[in-house]
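Colleague: Here it is: the structure, laid out below.
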Ligand code: ASP
């Protein structure tokens, strides 16, 4: 028999007073804690035979993706459907964006169809916030350029909290292409707000110029940066955002910055390895570690992704407009 799901945390416009989720920056520890608690109850719901509820029945969620995605788009689709919403997927391929329509015109067109939630991924930092100003529904940032990817940081936090029991005081090393990574930026904000100690480890070419102003300790040497840490978060080289060469060669990059058993031995013996995906095996992470379920939480991160996206939709549902638009 499956255990009953823990009591759901009721959606409260006071506890999450936002129409949109555009980033982690600007959220409070209480608001993040509220989303993480809600996610826990959805993890339990998702492990039951019947995973559905009717919270978003009659609502429409549109996934609008201008960049490719596997995990984020699928999990928003599942999350919306499990909460009873109608879900439409739109990608740049096969839409009028290919015919030269601007982001704002596409958004205005979709807005005229009265969606309740738009989930948007775009290659430009700031594009999702701009779009949110033009539409009347809730907007969730599913990744904008190298700026933010808030649901990724939330799912990482749920994964850590469930394995380690807390976030406060943990030492988290984020390793690799920090410069181009929205995952790094959202995680740095969230972990700092929640009282973890954040280190970044990267070659100087893959760090933002003012990295130390992000409230992190900066390391260029993997072994020194990993020493004594609780969590090792690996990042992909974001070659689609690179103009020119940022690393001498892939084999040299793996030699210095790829996570293998020898380098991981510098972290705590029970250190947990994470990766947001997609992984490039043999570039930033060795296959042996990626597949070692006693060390790697990569599959668990994907599971948490669905629960977190349900939690975010649930939290935003408290402020969704409840009116029928005037007939013309
Ligand atoms: N999937 C993550 C993102 O969209 C990480 C990555 O692409 O490397 O940012």
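Colleague: Specify the residue that is nearest to the ligand (Cβ to nearest atom); the eligible residues are those in region 65-84 that are at pLDDT 95 or above and part of a loop (DSSP other than H, G, I, E, B).
Modeller: 83
Colleague: Hey, another quick one. If you take the residues of region 199-223 that are more than 16 Å from the ligand (Cβ to nearest atom) and part of a helix (DSSP H, G or I), which of them is farthest from residue 175 (Cα to Cα)?
Modeller: Within region 199-223, the match that is farthest from residue 175 (Cα to Cα) is 213.
Colleague: Would you pick out the residues in region 285-305 that are within 15 Å of the ligand (Cβ to nearest atom) and in contact with a helix residue (DSSP H, G or I) (Cβ under 7 Å, 6 or more places away or on another chain)?
Modeller: Matches in region 285-305: 290, 298, 301, 302, 304, 305.
Colleague: Report yes if some residue within region 168-184 is modelled with pLDDT of 95 or more, touching a strand residue (DSSP E or B) at 6+ places or on another chain (Cβ under 7 Å), within 16 Å of the ligand (Cβ to nearest atom) and at positive phi; otherwise report no.
Modeller: Among the residues of region 168-184, at least one is modelled with pLDDT of 95 or more, touching a strand residue (DSSP E or B) at 6+ places or on another chain (Cβ under 7 Å), within 16 Å of the ligand (Cβ to nearest atom) and at positive phi, which makes the answer yes.
Colleague: Would you pick out the residues in region 44-59 that are assigned to a loop (DSSP other than H, G, I, E, B) and surrounded by fewer than 19 Cβ atoms within 10 Å (Cβ to Cβ)?
Modeller: Scanning region 44-59 gives 47, 48, 49, 50, 51, 52, 53, 54, 55, 57, 58.
Colleague: Moving on. Among 142, 153, which is the only one that is in contact with a strand residue (DSSP E or B) (Cβ under 6 Å, 6 or more places away or on another chain) and on the phi < 0 side of the Ramachandran plot?
Modeller: Just one listed residue meets the conditions, 142.
Colleague: Restricting attention to region 104-118, does a residue exist that is at pLDDT below 95, over 24 Å from residue 321 (Cβ atoms) and touching a strand residue (DSSP E or B) at 6+ places or on another chain (Cβ under 9 Å)?
Modeller: Checked region 104-118: no residue is at pLDDT below 95, over 24 Å from residue 321 (Cβ atoms) and touching a strand residue (DSSP E or B) at 6+ places or on another chain (Cβ under 9 Å).
Colleague: A further question follows. When residues of region 224-280 are filtered for being within 15 Å of the ligand (Cβ to nearest atom), loosely packed, with under 15 Cβ neighbours inside 10 Å and over 18 Å from residue 298 (Cα atoms), how many remain?
Modeller: 2
Colleague: Look through region 208-223, keep the residues that are out of contact with any helix residue (DSSP H, G or I) (no Cβ under 8 Å at 6 or more places or on another chain) and at pLDDT below 95, and return whichever of them is surrounded by the most Cβ atoms within 10 Å (Cβ to Cβ).
Modeller: That would be 211.
Colleague: Here's a check for you: in region 125-167, which residue that is assigned to a loop (DSSP other than H, G, I, E, B) and more than 16 Å from the ligand (Cβ to nearest atom) is nearest to residue 217 (Cα to Cα)?
Modeller: Looking at residues that are assigned to a loop (DSSP other than H, G, I, E, B) and more than 16 Å from the ligand (Cβ to nearest atom), I get 167.
Colleague: Can you confirm whether residue 26 is out of contact with any strand residue (DSSP E or B) (no Cβ under 6 Å at 6 or more places or on another chain) and outside any helix (DSSP H, G or I)?
Modeller: yes
Colleague: Can you confirm whether residue 113 is more than 17 Å from residue 310 (Cα to Cα) and outside any loop (DSSP other than H, G, I, E, B)?
Modeller: So residue 113 fails the test.
Colleague: With respect to the numbered conditions (1) over 20 Å from residue 16 (Cβ atoms); (2) in a loop (DSSP other than H, G, I, E, B); (3) touching a residue at least 40 places away in the same chain (Cβ under 8 Å), which one is the sole condition not fulfilled by residue 62?
Modeller: (2)
Colleague: A further question on this structure: Whether any residue in region 80-97 is over 23 Å from the mean Cα position of the chain (by Cα), in contact (Cβ under 8 Å) with a residue 40 or more places away in the chain and closer than 17 Å to residue 320 by Cβ is what I want to check.
Modeller: Among the residues of region 80-97, not one is over 23 Å from the mean Cα position of the chain (by Cα), in contact (Cβ under 8 Å) with a residue 40 or more places away in the chain and closer than 17 Å to residue 320 by Cβ, which makes the answer no.
The values are calculated or read from the model by the stated rules, or taken from the named source; none is laboratory data. Source: prediction; values computed, not measured. Cβ: placed from backbone, ideal geometry, glycine included. Neighbour counts: every protein chain shown.
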